[in-house]
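Notes for the one structure printed next.
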Amino acid sequence: MPRQNAFGQPVGIPVPDWEPAKPPGAQRLAGRYGALEPLDPARHAAELYAAYAAAPDGRDWTYMPVGPFADEESYRGWADEAAKSRDPRHYAVIDGATGRPLGTLALMRQDPANGVIEVGSVAYSRALQRTPLATEAQFLLMRYAFDELGYRRYEWKCDSLNQPSRRAAQRLGFSYEGTFRQAVVYKGRNRDTAWFSLTDREWPQVRERIRAWLAPSNFGAEGRQRHSLRAGPALPVDETAAGR
């Protein structure tokens with residue numbers, strides 16, 4: 001039975017002592033396989049463009065509101081504007097082995113008063129896709145939002161036709177909430193937007209599951225995962241792994 005007020009009406013669960021969350025800042029977020037740094041065009045743009053340009057085609061940009069970029073100059077123009085923004089707050093994904101930036105992602109639609117924030121603008125180069133660092137980058141932002149900034153709800157939205165994005169959200173522990181029809185017009189076409197979310201009540205279990213998946217013991221000599229992130233209960237946690 002839901003809680004009721006003095007008038008017999010159903011009401012939501014109390015949130016005692018709630019204080020607004022903090023807006024994301026410009027700090028570096030370090031992990032085992034790499035780090036997130038605030039996007040800095042002077043340091044990141046040239047190598048980011050090179051990483052994206054290494055792809056044989058532009059399919060990675062199909063569901064993005066921007067791109068593909070014809071040349072480094074056009075990408076730098078986008079990066080210059082993105083780096084000025086505080087919402088979205090863009091971060092470069094840095095490979096720990098090489099120090100090279102291999103992609104970007106952002107914290108956006110920030111609503112500190114209600115404790116809601118969204119991850120978006122995820123642009124991973126082919127060198128970053130399907131690597132432990134690709135997952136760790138998402139984990140670093142999730143951990144930052146929940147454990148340091150105090151958010152209650154973490155959102156993921158994508159074109160409902162973007163099956164890789166939908167699978168990624170569910171693999172990371174987000175729950176599908178529904179589709180907003182005709183929500184956006186971009187690149188001259190309609191977008192029905194699929195909504196996913198993760199709440200602070202679900203986060204502790206998801207955090208442990210991702211930490212366990214990121215442990216070096218989960219990867220064989222060729223870097224292949226031994227256990228899927230999406231399947232089964234949490235693995236035993238390596239307390240030396242990033243995310244402690």
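For this structure, a couple of remarks:
- Among all positions in the range 5-13, there is no residue which is surrounded by 10 or more Cβ atoms within 10 Å (Cβ to Cβ), under 22 Å from the mean Cα position of the chain (by Cα) and at pLDDT 95 or above.
- The range 75-92: number of residues that are loosely packed, with under 14 Cβ neighbours inside 10 Å and in contact with a helix residue (DSSP H, G or I) (Cβ under 7 Å, 6 or more places away or on another chain): 1
- Scanning the range 27-80 for residues that are part of a loop (DSSP other than H, G, I, E, B), more than 27 Å from Gly188 (Cα to Cα) and not hydrophobic (A, V, I, L, M, F, W, C) yields Gln27, Arg28, Gly31, Arg32, Tyr33, Asp40.
- Taken over the range 81-95, the criterion of being among the acidic types (Asp, Glu) and not in a helix (DSSP H, G or I) is satisfied by Asp87, Asp95.
- For the range 16-24, the criterion of being over 20 Å from Tyr124 (Cβ atoms), in contact (Cβ under 8 Å) with a residue 12 or more places away in the chain, exposed (fewer than 11 other Cβ atoms within 10 Å of the Cβ) and not hydroxyl-bearing (Ser, Thr, Tyr) is met by at least one residue.
The values are calculated or read from the model by the stated rules, or taken from the named source; none is laboratory data. If you're wondering where the values come from, they're calculated on a predicted model, not measured in any experiment. Positions of Cβ are generated from backbone atoms using ideal geometry, with glycine treated the same way; all protein chains shown enter the neighbour counts.
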